[in-house]
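J.: Starting off with a structure, shown below.
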Amino acid sequence: MKVLRINATDTYDIRHMMLRNGRPRQEVVFPKDEDEQTFHLGAFFEGKLVSVASFYFENHPDLPDEYQYRLRGMATIPEFQHKGHSSALLKIAFPIIKQNLCSLLWCNARTSAMGYYQKVGFEKVGEEFDIPTVGPHVLMFKKIF
Ligand SMILES: CC(C)(COP(=O)(O)OP(=O)(O)OC[C@H]1O[C@@H](n2cnc3c(N)ncnc32)[C@H](O)[C@@H]1OP(=O)(O)O)[C@@H](O)C(=O)NCCC(=O)NCCS
């Protein structure tokens, strides 16, 4: 497996298949995808992109840290799940986030993926909430040291 920085557009097929299946293709274009501080990572297996994640310089109003990053669009294609691809992306992302002087990474986690986020060190805050057309979510964060 190899982890590389990729462009926002490289993430769109996997985002569409795994996170917005059946929804209009335009929904996989997220705000700030092209911002200068945003970065996108991809895990490749034998040259094929199998897992993606995107990181945005964005604070959550309920979290105290002055400078924060937000994780979005984390997904691994089914045949490659449970093989450490998403975790590998996060391991590469943490030092980049720290280098950008941010001390916290947060995400609106699908409740179906909470177990994953807990395994990689995220904590849940607050109550479950619904994102229309996407489903139940919970706010989660991880301190970056
Ligand atoms: C959640 C997801 C991104 C995890 O990707 P992955 O590449 O399979 O993750 P990893 O292999 O790095 O898993 C890391 C650990 O979490 C565990 N894990 C993975 N998915 C899990 C889940 N849904 N619930 C509980 N644990 C999970 C793995 O077993 C692994 O534990 P281990 O190291 O003890 O074996 C992937 O299942 C996925 O794409 N799901 C559908 C899209 C989605 O819901 N994305 C999150 C949006 S908020």
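Where a number appears in this text, it was derived from the coordinates with a stated rule and is not lab data. Keep in mind it's a predicted model, so treat the numbers as computed, not measured. For neighbour counting, all protein chains shown are included, and Cβ atoms are generated from backbone atoms with ideal geometry for every residue, glycine included.
J.: With an 8 Å cut-off on Cα pairs and a minimum separation of 6 or more residues, tell me the relative contact order of the stretch 2-143 in percent.
T.: Values: 238 pairs, mean separation 26.9, N = 142.
About 19 percent, as a whole number.
J.: Return the FRET efficiency for the residue pair Met17, Leu101: r is the Cβ-Cβ distance, R0 is 41 Å, and the value is rounded to the nearest 0.05. Before the final figure, lay out each step's value.
T.: Numbers: r = 34 Å, r/R0 = 0.84.
E(calc), rounded to 0.05, equals 0.75.
J.: Now, a different point. May I ask for the distance between the Cα centers of the stretch 19-89 and the stretch 91-130, given as a whole number of Å?
T.: The two parts, judged by their Cα centres, are 11 Å apart.
J.: For the chain: lysine pairs with Cα atoms under 22 Å, gap of 8 or more or different chains, count?
T.: Here the count comes out as 24.
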